[in-house]
Amino acid sequence: MKRNTRYAVLVHTGAAIVSMVILAPFAWMVIASVSPQRMLISTPLRWFPDHLYLDRYAQIFSTELGSVGSGFRAAVVNSIVVAVGTVAVAMVVGVLGAYAFARLRFRFRRSVLALFLVTYMLPQVALLIPLYLILNSLGLLDTRVGLILVDCALVIPFVLWILSNYFLTIPVELEDAARIDGTSRLGALFWVILPAARPGIFAAIMFAFLLAWDEFMYALIFTSSSAAKTLTVVISEFAGRYTTDFGLVAAGGILAALPPIIVAVAFQRYVVSGMAAGGVKG
Amino acid sequence: MTVASAKSSDATPRTGERWPRRKRKSQERLAFWLLLPAAVAVFGVIIYPVIRTLIISFLNVNSALATDTPFVGLSNYTHLLTNPSFWSPMGRTLYFTIVSTALELGFGLIVAGLLNARLKARWLFRAVVVIPWAVPTIVSAAMWKGILNAQYGALNALLTQIGVIHEYQVWLGDPMTALNMVILADVWKMTPLVAFFLLAGLNSIPSELYEAAKIDRASWPRIFRSIVLPMLVPSISIVLVLRTIEAFKVFDIIYLMTRGGPVNGTQTIAYYAYVTAFSDQNFGLGSALSVFIVLVILMLTTVYLRLLRRSEMSLL
C-alpha cells in the first residue's frame with residue numbers, strides 16, 4: 001500500500017515536471033503572441049501581459065493588400081491544399097501497394113520494399129537541382145500541384161511502411177472467409193482489411209499529414225509567390241524579416257502549428273499502434 | 001509476442017513447390033498493378049534526379065547556366081576528401097548526431113516510462129507529449145530563436161531572474177554554444193517521437209516477465225537492467241539509426257536558427273551541401289557532397305534493415 005502511494009507520487013510528479021518542460025517554451029510563444037511589443041523588449045522581462053494584445057492576429061488576418069497578412073492567408077490555403085492533397089494521394093496509392101506487400105506473393109518483394117524505404121533515406125538536398133529543372137520544364141514551378149507531386153514521393157514510402165506492417169497483423173482468416181463468399185481480392189481489401197486496419201490507417205494519415213505540413217526545403221526552393229508558398233516558408237520569412245518582433249513571429253508560428261497539433265492530439269492514441277506495427281515489434 | 005509472430009508468419013504467403021503456377025502468375029500480375037501507382041509516384045519523381053546528381057558529381061559545373069561542363073572524373077570527390085572545409089561540417093554532423101541522439105534516447109526513456117505508467121490523466125499527458133512533435137520544425141526553430149535572442153530572449157531573462165547567470169549571454173553568437181542550442185531545439189522537438197517509439201517497445205514486453213521478477217523480489221534498477229533494457233534493444237537500435245539518418249539530413253532548424261553561422265559553427269553536412277550548390281553555385285562539388293551523404297546514409301540504412309530483420313520483422 002505504502003509502496004503504491006510512493007509510486008503514484010513519483011510518476012505524477014515526474015509527469016508534471018516533463019509536461020512543464022515540454023510546454024514552457026510553447027506557452028511562452030503563446031504569451032508573447034498576445035503581449036504588447038514594449039513588454040517583450042522590457043528588461044527585466046515581464047512574463048505576463050497586463051492586457052491581451054491581439055493586434056498581431058488582426059494584422060495577420062487583415063485583408064489589406066501588401067500587409068503582413070496578405071501572404072499569410074494565401075499560405076494557409078496553400079499549406080492545407082498541399083498537405084490534404086498529398087495525404088489523399090499517398091493514402092490511396094499506399095493502401096493498394098501495402099496490400100500487395102502484406103498479402104501477395106511475387107518476385108523481388110523484399111527488394112522492392114527495401115527500394116521504397118531507401119528513397120526515404122535520400123536527403124532532399126541531393127534532388128533539389130534536377131527536380132527544379134523538371135518542375136520548370138513541366139511548368140509546375142510555384143504551383144501547388146508541383147509541391148504535391150514532390151511531397152508524395154517523400155510521404156508514400158512512409159505510408160507503405162506503416163500500412164503494410166499493419167495489414168500483416170490482420171488475420172488472413174478474416175479475408176479468406178469473405179473470399180469464400182465470392183468477394184474479389186480488391187473487394188476483400190475494401191470491405192474486410194480497411195475496416196479492420198482503422199488504427200493503422202489513422203496512424204498513417206497522421207504521419208503523412210505531419211510530414212507534408214512540416215515539409216520545408218522543397219517549398220523553399222520550388223515556390224516563389226503566394227500562388228504556392230506554404231506556411232513553413234512564410235514563417236521562415238517572418239523569422240528573417242521581423243527579427244525584433246518575436247510576438248509577430250510567435251503569432252504566425254502558433255497559427256501554423258495549430259492544424260498539426262489538432263490532428264496529432266486527436267489521433268495520438270493511434271501513434272503507438274502505428275509504430276508498434278511499424279517494426280518495433282520485439 | 002508469440003501470438004503476433006504466429007499470425008504474421010501465417011500472413012506471409014506460403015513457400016514451396018505446392019504453389020500452383022497459374023495462381024502465382026495471377027498474383028504477380030495483381031501485385032504489379034497494385035504497386036504501379038506507388039512506384040510511379042515515388043520513382044517517377046526521384047529516379048531522374050538521382051541519376052542526374054550522380055552524373056553532375058563527375059562534372060565541373062560552376063553556374064546554373066554553364067554550357068561548358070567538362071568531365072573531371074573523381075576530382076570533385078578527391079577535392080572534398082582532402083579539403084578541411086569538408087571535414088569540419090562532417091565533424092559537426094557527428095557531434096550533432098551523437099549528442100542529440102544520446103539526449104533524445106535518455107529523455108525518451110524517461111518519458112516513455114512515464115507514458116507507460118499508471119497515471120490519472122494519462123490521455124492528457126500523452127496529448128502534452130505529442131505537441132512538440134506536431135509543431136512544425138520551422139515553427140519550433142523560430143520559437144527557439146526568439147527564446148535564445150541575446151537582448152530580449154526569454155532564456156536570458158529567466159536565467160537572470162532566478163540568479164543562474166548575472167549578465168545576458170549571446171546564445172547563438174559563439175560557434176560551439178550555437179551548435180549546442182541547435183541541439184537543444186532538436187531535442188525538444190524529437191524526444192517525443194523517440195519516446196513513442198520506445199513506448200511501443202515497452203508495450204511489447206510480456207507482463208509475465210515483470211510478474212516473475214516481482215516474485216523474485218527483484219529491485220527496480222535490477223528489473224530495468226535485466227528485463228526492460230534487453231527487451232528494448234530492437235527499438236533503441238532503430239531509434240539510433242533513424243535519428244542518425246535524420247541528423248545527416250538536418251537542414252530546417254539550422255537554416256532558420258543560424259544559417260550555418262556563426263563562423264560556420266553550425267554548418268552540418270547537408271547544410272554545407274546546400275550552400276556549396278546554391279550559394280557558391282558549385283554544382284559539381286555540391287552533387288559530389290550529396291552523393292557522399294547518400295552513401296553514408298545508405299550504409300546506415302543497411303544497418304537499419306539488418307536490425308529490423310533481426311527483430312523479427314516478417315516483411316523483410
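Every read-out reported here was derived from the displayed coordinates using simple, explicitly stated rules and does not represent laboratory data. This one's a predicted model, so the numbers in the text were calculated from it and none came from an experiment. Here the Cβ is made from the backbone with ideal geometry for all residues, glycine too, and neighbour counts use every protein chain on show.
In chain B, taking the dipole from charged Cβ atoms about the Cα centre, the farthest positive-side position among B:VAL164, B:GLY260, B:SER226 is held by B:SER226.
What is the distance in Å between the Cα centroid of the stretch B:207-222 and that of the stretch A:78-117? One Cα centre to the other: 42 Å.
So if I take the alpha carbon set of the stretch A:62-277, get Rg, then get Rh from the Kirkwood formula, what is the Rg over Rh ratio?
Details: Rg = 19.9 Å, Rh = 19.0 Å.
With Rh from the inverse mean 1/r over Cα pairs, Rg/Rh is 1.05.
Using per-residue counts of other Cβ atoms within 10 Å, averaged over each peptide, order A:194-200, B:158-164, B:290-296 from highest down.
Numbers: A:194-200: 18.0, B:158-164: 11.9, B:290-296: 20.6.
Top to bottom by mean Cβ count within 10 Å: B:290-296, A:194-200, B:158-164.
With a Förster radius of 30 Å applied to the C-beta separation of A:LEU23 and A:VAL92, the computed FRET efficiency comes to 0.25. Ordering B:LEU298, B:VAL250, B:ILE215 by the projection of their Cα atoms onto the charge dipole of the stretch B:91-316, which places +1 on the Cβ of Lys and Arg and -1 on the Cβ of Asp and Glu, puts B:ILE215 at the extreme positive end. Normalised Debye scattering of the stretch B:56-181 at q = 0.09, 0.12 Å⁻¹ gives log10 I(q)/I(0) of -0.53, -0.80, counting only Cα atoms as equal scatterers and leaving out solvent.
Using Cβ point charges alone (K and R +1, D and E -1), the dipole size of the protein assembly as shown about the Cα centre works out to roughly 2200 debye.
Other protein chain C-beta atoms within 10 Å of residue C-beta, averaged over A:131-139: 2. Given C-alpha coordinates of the stretch A:1-66, what is the ratio Rg to Rh with the Kirkwood estimate of Rh? Expressed as Rg/Rh, it is 1.28.
As a rough guide to protection, the peptides B:35-44, B:230-239, B:184-193 ranked by mean Cβ packing within 10 Å, highest first, stand as B:184-193, B:230-239, B:35-44.
In this Cβ point-charge picture (+1 for Lys and Arg, -1 for Asp and Glu), chain B has a dipole of about 1540 debye about its Cα centre. The stretch B:91-316 gives an Rg/Rh value of 1.04, both radii derived from C-alpha positions and Rh following Kirkwood.
Remark: mean inter-chain Cβ contacts per residue of B:280-288 equal 1, using a 10 Å Cβ-Cβ cutoff to other protein chain atoms. Taking amide H atoms as placed 1.01 Å from N in the peptide plane, the amide H of B:LEU59 lies under 5 Å from those of B:VAL72, each 5 or more residues away in sequence or on another chain. Computed over the alpha carbons of the stretch A:90-146, Rg followed by Dmax gives 15.4, 41 Å.
I need the helices of chain B that pass two filters: whole DSSP H segments spanning 27 Å or more by Cα along the axis, and mean Kyte-Doolittle score no lower than 0.5.
Working: long enough: B:21-56 (46 Å, 0.74); B:84-116 (46 Å, 0.94); B:175-203 (41 Å, 1.31); B:229-249 (29 Å, 1.45); B:283-310 (40 Å, 1.67).
Correct list, ordered by number: B:21-56, B:84-116, B:175-203, B:229-249, B:283-310.
Considering only A:ALA250, A:GLY71, A:LEU186, and ranking their Cα positions along the charge dipole of the stretch A:62-277 that arises from unit charges at the beta-carbon of Lys, Arg, Asp and Glu, the one farthest toward the positive end is A:LEU186. By the Cα gyration tensor, the stretch A:149-256 has an equivalent ellipsoid whose semi-axes, rounded to whole angstrom, run 43, 14, 10 from largest to smallest. Across A:PHE207, A:PHE246, A:PHE72, mean-square fluctuation computed from a Gaussian network of chain A (C-alpha pairs under 10 Å connected) peaks at A:PHE246. Report, in order of residue number, the helices in chain A meeting two criteria: a C-alpha extent of 18 Å or more along the helix axis, and a mean Kyte-Doolittle hydropathy of at least -0.5; treat each whole DSSP H run as one helix. Passing helices, by number: A:2-33, A:68-103, A:144-168, A:198-214, A:246-277. Based on Cα contacts under 8 Å between residues 6+ apart, the stretch B:91-316 shows a relative contact order of 26 percent.
Let me know the mean shielding of A:153-161 by other chains, meaning the per-residue number of their Cβ atoms within 10 Å of its Cβ. If you can, show how the numbers build up before the last one.
Numbers: counts 7, 3, 2, 6, 3, 0, 1, 3, 1.
Mean partner shielding for this stretch: 3.
Specify the inter-centroid distance of the stretch B:102-177 and the stretch A:133-202, based on alpha-carbon positions, in whole Å. Spelled out, the Cα-based centre of one part sits 36 Å from the other.
Placing +1 at every Lys and Arg Cβ and -1 at every Asp and Glu Cβ, with all other atoms neutral, what dipole size does the stretch A:62-277 have around its Cα centre, in debye to the nearest 20?
Working: 13 positive and 11 negative charges, 120 e Å.
Computed charge dipole of the stretch A:62-277: roughly 580 debye.
Please report, in cubic angstrom per residue, the volume enclosed by the convex hull of the alpha-carbon atoms of the stretch B:108-235.
Details: hull volume 21.0 nm³, N = 128.
With only Cα atoms used, the stretch B:108-235 gives 164 Å³ per residue.
For the stretch B:245-303 versus the stretch B:34-57, the spacing of their alpha-carbon centroids is 21 Å. Length, then width, then depth: along the principal axes, the Cα atoms of the protein assembly as shown run 80, 78, 52 Å.
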